[in-house]
Amino acid sequence: MNRPNVVSAQEWQTAREALLVKEKEHTRALDALAAERRRLPMVRLAGNYRFTAPDGAEVGLAELFEGRRQLVVYHFMLAPGQDWTCAGCASFTDNLADQSHLNARDTTLALMSPAPRNEIDAVRRRFGWTVPWYSVHGNTFYDELSLGGGFGLSVFLRDGDEFFRTYFTNGRGVDRLRLDFNLLDLTPYGRQEEWEDSPEGWPRTPTMRWLRLRDEYED
């Protein structure tokens, strides 16, 4: 197997410290982006949308915040009548941990899909997820936010009786929020996908082709 050089511990430490300089530059760049993100203009929302909650009740936008000021929504790709479950969305949801630390910062996390309540519940029960998952079936929320049917992540702010959309990302912007992908990026093999710049001979497969629903991996 072709692999990076094998060196002494001191040589490794020198190379590691050189890379650390670049990592710190990257961290400061991310901090600067976050500062810009906090200053993005916002879009006021009507606030009269109706959603179907996990318990089947019909609720308004305010209820999704659960009494907090900030709301982060992952748009799970599940359309009405869809007979398959998106492995990317499912594996993203598998990465979601206890929400206590988010809640302590006045922030709620929820999932949302266009599918009706019963179709969402079937997927939710299969994987035992507990994060709140709302249905927008029958309302115009996705249309008015130009969300389409794909996956993505939206951030909302509540100020009294006013509601605002402050941020949206999809694609690789959602990637960097996942613990599994971030851990793989630290390993020698990385994600082992064709797009990555890896040493010649490193294992590679087509992008995302390896990803499965967690109960469909072979031992």
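Data overview
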{"read-out": "Residue pairs meeting the criteria (Cβ under 7 Å; at least 6 apart or on separate chains; first farther than 13 Å from F65 by Cα and of a type in the set (D, E, K, R), in region 99-119; second at pLDDT 95 or above and outside any loop (DSSP other than H, G, I, E, B))", "value": "R117/T52; R117/S135"}
{"read-out": "Filtered residue count, region 144-169, keeping only those that are under 21 Å from S91 (Cα atoms), free of Cβ contacts under 8 Å to residues at least 60 places away in the same chain and either polar (S, T, N, Q) or not assigned by TED's automatic domain parsing to the domain that holds R50 (or both)", "value": "1"}
{"read-out": "Filter result (among the hydrophobic types (A, V, I, L, M, F, W, C) and assigned to a loop (DSSP other than H, G, I, E, B)) within region 182-219", "value": "L186, W195, W202, M208, W210, L211, L213"}
{"read-out": "A29 vs. criteria surrounded by fewer than 16 Cβ atoms within 10 Å (Cβ to Cβ), under 19 Å from the mean Cα position of the chain (by Cα) and not assigned by TED's automatic domain parsing to the domain that holds F156", "value": "no"}
{"read-out": "Of all residues making up region 128-163, the number that are of a type in the set (S, T, Y), outside any loop (DSSP other than H, G, I, E, B) and over 13 Å from P80 (Cα atoms)", "value": "3"}
{"read-out": "Extreme residue, nearest to S146 (Cα to Cα), among residues of region 164-181 that are out of contact with any helix residue (DSSP H, G or I) (no Cβ under 9 Å at 6 or more places or on another chain) and not in a strand (DSSP E or B)", "value": "N170"}
{"read-out": "Near pairs, Cβ below 9 angstrom, 6+ apart or cross-chain, from region 197-219 (more than 21 Å from R126 (Cβ to Cβ)) to any residue that is of a type in the set (K, R) and surrounded by 12 or more Cβ atoms within 10 Å (Cβ to Cβ)", "value": "S198/R204; T207/R191"}
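Conditions tested, residue by residue: (1) out of contact with any Leu (no Cβ under 8 Å at 6 or more places or on another chain); (2) farther than 30 Å from Y49 by Cβ; (3) surrounded by 15 or more Cβ atoms within 10 Å (Cβ to Cβ); (4) not charged (D, E, K, R).
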residue	(1), (2), (3), (4)
W133	no, no, yes, yes
G138	yes, no, no, yes
F164	no, no, yes, yes
R172	yes, no, no, no
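The values are calculated or read from the model by the stated rules, or taken from the named source; none is laboratory data. For clarity, every value in this text was computed on a predicted model and none was experimentally measured. Note that we place each Cβ from the backbone using ideal geometry, even for glycine, and neighbour counts take in every protein chain shown.
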